[in-house]
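*Asks:* Sending over a structure as structure tokens; questions will come in a sec.
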Amino acid sequence: MRRTGSDCTLISWSGMVHRCLKAAEVLARDYEVECQVVDLRCVRPLDTETILASVAKTGRVVVVTESWPFGGIAAEVLALITSEGFQHLDAPPKRLCAQEVPVPFHPDLYAAHTPDEMRIAEAVLDTMAF
Amino acid sequence: MRQSVRMPQFGESSAEATVVAWLVNPGDLVSSEQELVEVQTEKSLLTVAAPASGRLSEQCAEPGKKLAVGDILAYIEVLSDEPAAKGAAGPAPTANGSHATANGAAKGAHAASPVPAGVHDIGTAPKTRARTLTGHRRRQQDGGRNDGRAAVRAGTGDAAFISPRVRSLLVESGLKVSDLATMKGSGADGRVTAEDIQHYLSQGEAMSSVRQAVANAMARSWTRPLATVARNVRMDALLAHRRTIEGRPSATIYAMRALALALKEGNPLACRLFGNRLLTPAHVDLAVAVEIDDGVLTPVVRKVEELDLPKLTQVVEEVIAKARDGRVSDAGDAVAAVSNYGTFGLNWATPIPLPGQGLILGLGAVRAAPDWNPATKSWDRIREAEFTVTFDHRIADGGAAARLLNALAEMIEHPERLVRKD
């Protein structure tokens, strides 16, 4: 748990945690949305207790990964949340992943490929608007 | 962009509504929240308001047509570039694309890159943020404005949505889905959120555990077909007789003993119903309704038919005293209950039998009444009380209840028959 909040849970690991924290600051400052940022630290074993406790608190969740969406860890986390924390959900759980294209080499394209603070904030606002 | 206008959910109870009259003609300009059409639900005449501003392009239902909740009423051609209610949640793909092109052209660099369409999103991030901001704030304002309005804003198909969190909160707090209709929703599309429910629940104070137990028992009991029969019973003989008995038993004691003996004679109401099987207990166990501070307790007296009047008086007094202290040593199964609502001055009432019990005997207040005496051709002053039997109509019919009540009245009017002959 890197940041506490009561509106939405942001789950990520590794580099994306920092972007999530930045996005959470923007959301708190500009949109009055307080996010709870969960850093998984380790994906296997998965810290199911922390994930489910956070979802139980907020009812809304966005999982952020710099990997592709198909068959990934984000999907695994969402599967956990929907099967074991369904009764806590207020909005469809969301994941924010990389574009489904080969990882580009050009820095601009790479920046476009991976989720950034603005897209994380946007995803959270979408979830909040549900 | 074409925005559908759907039949909204008017409270939880109505699943459909009938179109009565259109207030706007096709081709007319409409503003958001403007009343479009009158519809008739089972309960009242209501109007549906526009979800967005634009031109009413199509009316999809003639007056008189019945539509289910969520069916399309009309289409609005949204004219302004402001996204419609549903579009605000996620930027519409076409609108997003045009922004991307404009933004990309301005920057020059991205416009030249042959990149997949989605990648343009990054260039539009500030733009998109602004759009999301307005969309986000607008929704909240909508929720606030919508409160207490006469016209129900047309749903975008999910106004009646209950999130899993809200649903589990409903179960936890003992509310029903129909209770949501009375709450103000502060969520998107006027949805009721978990916070709304918590606010709703914070208004009152918690029911005491006794009250909750009574509420649950009565609600469970009310699922059965119940019927009540009543008759007057002369009480003179009983009131004279009780002075001769040790402990001066009350009318309740006489009634319990009479009921036990009447049931023992083989009345079908002596049965208890389990699924579709009738079981006749070997002994007549009777519950006594005892009013306490915040509810009713029903301690059980076992083998009532074997207790004579003085013994029964003693036993019943004990269980009532215990119940008033909040202690019930035996609240188990019984075949029937006795309620002396006459102590409140009531002439008659229709008490509800407890779950698992087939009948409840009610005793009204004793009052003076005239009675025609053919021998002296005059009115005699007698004392009588109304006795009621409320019974589970699945177990037996009115005839059996009447026979039970008559047998009981016969014994009350000849109380010497209630004294055990050893």
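Values in this text are rule-based calculations from the coordinates and carry no lab data. Just so we're clear, the structure is a prediction, and the values are computed from it rather than from any experiment. Cβ coordinates were reconstructed from backbone atoms using ideal geometry, including for glycine residues, and neighbour counts include every protein chain displayed.
*Asks:* Calculated FRET efficiency, B:Lys66 and B:Arg224, Cβ-Cβ r, R0 41 Å, to nearest 0.05? All intermediate terms of the calculation are to be shown ahead of the outcome.
*Replies:* Numbers: r = 34 Å, r/R0 = 0.83.
The pair B:Lys66/B:Arg224 has a calculated efficiency of 0.75.
*Asks:* Also: Between B:Glu58 and B:Ser168, 0.36 nm times their residue separation minus their Cα-Cα distance comes to what?
*Replies:* Full extension of this stretch gives 35.6 nm more.
*Asks:* Further question: Fewest first, what order do A:Tyr110, B:Tyr75 take by the number of other Cβ atoms within 10 Å?
*Replies:* Lowest to highest Cβ neighbour count: A:Tyr110, B:Tyr75.
*Asks:* Obtain the nm distance between the two label points defined at B:Glu265 and B:Leu346 by a simple spin-label model: each point lies 7 Å from its Cα along the Cα-to-C-beta direction.
*Replies:* Distance between the two pseudo-spin positions: 2.7 nm.
*Asks:* Divide by every residue of chain A the summed helix terms, -39500 (n - 2.57) for each DSSP H run of at least 4, and state the resulting mean residue ellipticity at 222 nm, rounded to the nearest 500 deg cm²/dmol. Mind showing how you got there, number by number?
*Replies:* Numbers: 5 runs with 58 residues, N = 130.
Mean residue ellipticity at 222 nm (helix-derived): -13500 deg cm²/dmol.
*Asks:* Count, for each residue of A:108-119, the Cβ atoms from other chains sitting within 10 Å of its Cβ, then give me the mean as a whole number.
*Replies:* So the per-residue partner count for this stretch is 4.
*Asks:* Here's a follow-up. Sort B:Ser31, B:Ser221 so the one with the fewest other Cβ atoms within 10 Å of its own Cβ comes first. Walk me through the numbers on the way to the answer.
*Replies:* On the way: B:Ser31 10, B:Ser221 17.
Result, fewest neighbours first: B:Ser31, B:Ser221.
*Asks:* May I pose another question? Mind checking the mean number of beta-carbon atoms from other chains within 10 Å of the Cβ atoms in B:206-219?
*Replies:* The per-residue average across the peptide is 0.
*Asks:* How about region B:314-422: which trypsin sites (Lys or Arg not before Pro) there lie in a loop by DSSP and see at most 14 other Cβ atoms within 10 Å?
*Replies:* Hits after loop and neighbour filter: B:Arg327, B:Lys377, B:Arg394, B:Arg420, B:Lys421.
*Asks:* Once label points are set 7 Å from the Cα along Cα→Cβ at both B:Phe274 and B:Thr244, what is their separation, rounded to one decimal in nm?
*Replies:* A separation of 4.3 nm, rounded to one decimal place.
*Asks:* Please give the FRET efficiency for B:His283 paired with A:Glu25, using the beta carbon to beta carbon distance and R0 = 60 Å, rounded to the nearest 0.05. Display every interim value, and only then the final one.
*Replies:* Details: r = 74 Å, r/R0 = 1.24.
Efficiency for this residue pair is about 0.20.
*Asks:* Just subtract the alpha-carbon distance of B:His393 and B:Val177 from 0.36 nm times their residue separation and send over the number in nm, one decimal.
*Replies:* Between B:His393 and B:Val177, full extension yields 74.8 nm more.
*Asks:* Which residues in region B:398-416 place their backbone N less than 17 Å from a point set 7 Å from the Cα of B:Ala375 along the Cα-to-Cβ direction?
*Replies:* Under cut-off, by backbone N: B:414.
*Asks:* Looking at this model, which pairs from B:Lys66/B:Lys184; A:Lys57/B:Lys184; A:Lys22/B:Lys176; A:Lys94/B:Lys65; A:Lys22/A:Lys57; B:Lys65/B:Lys184 are more than 32 angstrom apart at the alpha-carbon?
*Replies:* A:Lys22/B:Lys176; A:Lys94/B:Lys65, as the Cα separations exceed 32 Å there.
*Asks:* Can I ask one more? Just to verify a number: FRET efficiency for B:Asp293 and B:Glu317, C-beta to C-beta distance, R0 = 22 Å, to 0.05?
*Replies:* FRET efficiency, B:Asp293 to B:Glu317: 0.65.
*Asks:* Can you pull the mean other chain C-beta count within 10 Å for peptide B:166-174?
*Replies:* 2
*Asks:* What do you get for GluC sites (Glu not before Pro) in region B:186-271 restricted to DSSP loop and a cutoff of at most 16 other Cβ within 10 Å of the site's Cβ?
*Replies:* Taking region B:186-271 and a limit of 16 other Cβ atoms within 10 Å, the loop GluC sites (Glu not before Pro) found are B:Glu205, B:Glu246, B:Glu265.
*Asks:* Hey, for a label at B:Met207 modelled as a point 7 Å past Cα toward Cβ, could you say which residues of region B:279-305 have their backbone N under 15 Å away?
*Replies:* Answer for region B:279-305: B:294-297.
*Asks:* On to the next question. Starting from the coordinates of the alpha-carbon atoms of chain A, obtain the Kirkwood hydrodynamic radius over all distinct pairs and give the value in Å to one decimal.
*Replies:* It is 14.5 Å.
*Asks:* Under 4 °C and 1.567 mPa s, how fast does region A:9-86 diffuse according to Stokes-Einstein, given a Kirkwood radius computed over C-alpha pairs? Answer in µm²/s, whole number.
*Replies:* For the chosen part, D equals 102 µm²/s.
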